[in-house]
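The values are calculated or read from the model by the stated rules, or taken from the named source; none is laboratory data. In this text, all values refer to a predicted model and were calculated from it rather than measured experimentally. Don't worry about glycine lacking a Cβ; one is built from the backbone with ideal geometry, like all the others, and counts go over all protein chains shown.
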């Protein structure tokens with residue numbers, strides 16, 4: 001049995017937001033591996049969770065132990081994300097159109113280091129590409 005929890009922001013027509021908790025429990029049969037039952041619950045949690053962080057959590061039921069956490073990931077509100085000095089420098093050079101190799105050569109770094117910085121920035125902002133990261137950074141005036 002697996003349990004997935006994810007809190008999320010819901011946008012209301014009047015422009016406000018509320019916090020919702022989505023919980024899913026999957027019961028799987030012993031042999032087929034196909035979920036036999038999926039229980040899905042949505043709860044309004046704005047009164048209990050005033051911050052805007054979103055958390056995804058996956059737990060597995062272990063007999064005798066209860067639910068054991070498999071993984072957990074926290075996503076922060078993008079406007080509060082500060083980059084390190086080096087990350088900001090790499091972001092600015094990416095914005096200027098330089099490739100990872102060109103940035104590595106210019107800053108006397110390994111290309112792997114540059115790619116790690118880019119990956120870390122994308123992870124911090126929950127973006128999936130350097131283009132999406134640059135657009136978000138322009139919107140939030142980080143560059």
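Name the strands (runs of 3 or more DSSP E) wholly within the range 1-50 that hold at least 3 residues that are at pLDDT below 85, under 24 Å from residue 65 (Cβ atoms) and more than 19 Å from the chain's Cα centre (by Cα)?
In the range 1-50, 37-44 are the strands (runs of 3 or more DSSP E) which contain 3 or more residues that are at pLDDT below 85, under 24 Å from residue 65 (Cβ atoms) and more than 19 Å from the chain's Cα centre (by Cα).
Would you mind telling me which numbered condition in (1) closer than 17 Å to residue 133 by Cβ; (2) out of contact with any helix residue (DSSP H, G or I) (no Cβ under 8 Å at 6 or more places or on another chain); (3) at pLDDT below 80 residue 74 fails?
(1)
Failed condition for residue 73, given (1) assigned to a helix (DSSP H, G or I); (2) touching a strand residue (DSSP E or B) at 6+ places or on another chain (Cβ under 6 Å), with all others met?
(1)
Here's the yes/no breakdown for (1) closer than 19 Å to residue 6 by Cα; (2) crowded, with 17+ Cβ neighbours inside 10 Å:
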{"residue": "53", "(1), (2)": "yes, no"}
{"residue": "57", "(1), (2)": "yes, yes"}
{"residue": "68", "(1), (2)": "yes, no"}
{"residue": "84", "(1), (2)": "no, no"}
{"residue": "96", "(1), (2)": "no, no"}
{"residue": "102", "(1), (2)": "no, no"}
{"residue": "121", "(1), (2)": "no, yes"}
{"residue": "132", "(1), (2)": "no, no"}
{"residue": "139", "(1), (2)": "no, no"}
